[in-house]
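Please treat every number below as a calculation from the coordinates, not as lab data. As the structure is a computational prediction, the values presented were derived from the model and not from experiment. Methodologically, a virtual Cβ is constructed for each residue, glycine included, from the backbone with ideal geometry; neighbour enumeration extends over all protein chains shown.
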Amino acid sequence: MNSELFHHWVLFLSTLLKPYYNEEFTSSLFITEKNLRDAKYLDHFPEQVFKLEQTHESESLYLTPAACLHVYPLFQDKVIISSAVFTVGICARYENGVWQAPYRLPNFHMAELVCMGDEGSMMKLQTEIKTLLENTFSALGLSGTFKNATDAFFLGNDMGAQMLQKIKGLKQEFTVFDGGLPIALFSINNHEDFFGKQFTIQTNGLPAYSICIAFGIERLEKKKKKVW
């Protein structure tokens, strides 16, 4: 990865989304087994994680599969009105990755905006950010369309989870074309109250709703000639 382009994109995204978050940090490359189990990631996607070989007795560590998984434990067992975090980190997932379209790398950099609050405010925020990003990327010469994704991202990989996700439009990917192939540059993900329940995060006496907007920095870099 070109370090200058990496910093360009991170600065650009963090500045663009600054009105929507009140905290930012760099996600760790490593994540605990407890975190993954609390998020149900090991239940739903055990085939995707890289586990570290350890030579001493301690809690098992894995490579982080998604940057947002470091955010929810920060608010575990808390009552919030609303909160939002911008985070950047190196992630790793086993998805038969290659450095050709659609760029499913085994390790990659992810920038994420994670927002939590009541259902109404999260749905309004999702619509507002979606419009902002669509207009901004179009102005950069990266015109695309939002498409409902079929890969389950928190409910699991079974047919029922994928069908439910597609019907509800819980994951929408902003897709452009590269050599005739569709490439998702970022996704807008509606978790409903899943993580609010899993981490006991409450707002107005109910499990908090959450959304995240996830950007694949390597995929953005591949479109660099049109932008920087």
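With 30 Å as the limit, write out which pairs from K78/K147; K130/K197; K40/K130; K18/K197 have Cα-Cα distances beyond it, or answer none. In this structure, K78/K147 lie more than 30 Å apart at Cα. Computed from the C-beta positions of E33 and K78, the FRET efficiency with R₀ = 22 Å rounds to 0.50. Available extension along the chain between K18 and K51 is 8.5 nm, counting 0.36 nm per residue and deducting the alpha carbon span. Among the aspartates and glutamates, select those whose C-alpha is under 12 Å from the C-alpha of K222, and discard any that sit fewer than 8 residues away in the same chain. Straight-distance partners of K222: D178.
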